[in-house]
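Presented below is the structure to which this report refers.
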Amino acid sequence: MKNFIQEGRYLTVPAPYNVEAGDGLQVGQIFGVAAEAALSGDDVDIDTNGAYELDKAPSQAWGLGALVYWDDTNKYCTTTASGNLLIGAATAVVAGGAGDTLGSVRLNGSARANEAV
């Protein structure tokens, strides 16, 4: 097709803040996981799909399949919808202890604003 640009799973975007490889980041309504470290404003390759272990809100339990959102203020995943970007679903149960700060997320690969659920 003459107007095809790319598959779209991997995108190059300007880093909205300093990121390390494996960090989640939001640019507008696009969420992805950084493939490499980048300084704010530098180009960074991101993966918008797949399953990743990402930082999550401490003391928050997750059920398998729970909707997961990106809290761009705190730079972590949460199951709190209000004011946050829907990015995917939990792929594993996570306990709600203060030390449970990582969660497995299957990214939805779409640019999607927060919506009422």
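A search for C-beta distances below 6 Å between a residue of the stretch 1-17 that is in the same structural domain as residue 34 (by TED's automatic domain parsing) and any residue that is among the small types (Gly, Ala, Ser), counting only pairs 6+ apart in sequence or on different chains, returns 14/41; 15/38; 15/40; 17/40. In the stretch 93-110, of all residues being surrounded by 13 or more Cβ atoms within 10 Å (Cβ to Cβ) and assigned to a loop (DSSP other than H, G, I, E, B), the one that is modelled with the lowest pLDDT corresponds to 110. Got at least one residue in the stretch 30-43 being among the hydrophobic types (A, V, I, L, M, F, W, C), in contact (Cβ under 8 Å) with a residue 24 or more places away in the chain, touching a strand residue (DSSP E or B) at 6+ places or on another chain (Cβ under 7 Å) and outside any strand (DSSP E or B)? The answer is yes, given that some residue of the stretch 30-43 is among the hydrophobic types (A, V, I, L, M, F, W, C), in contact (Cβ under 8 Å) with a residue 24 or more places away in the chain, touching a strand residue (DSSP E or B) at 6+ places or on another chain (Cβ under 7 Å) and outside any strand (DSSP E or B).
The values are calculated or read from the model by the stated rules, or taken from the named source; none is laboratory data. Predicted, not measured: the structure shown is a model, and the values here were computed from it. Every residue, glycine among them, receives a Cβ derived from its backbone with ideal geometry; neighbour counts consider all protein chains shown.
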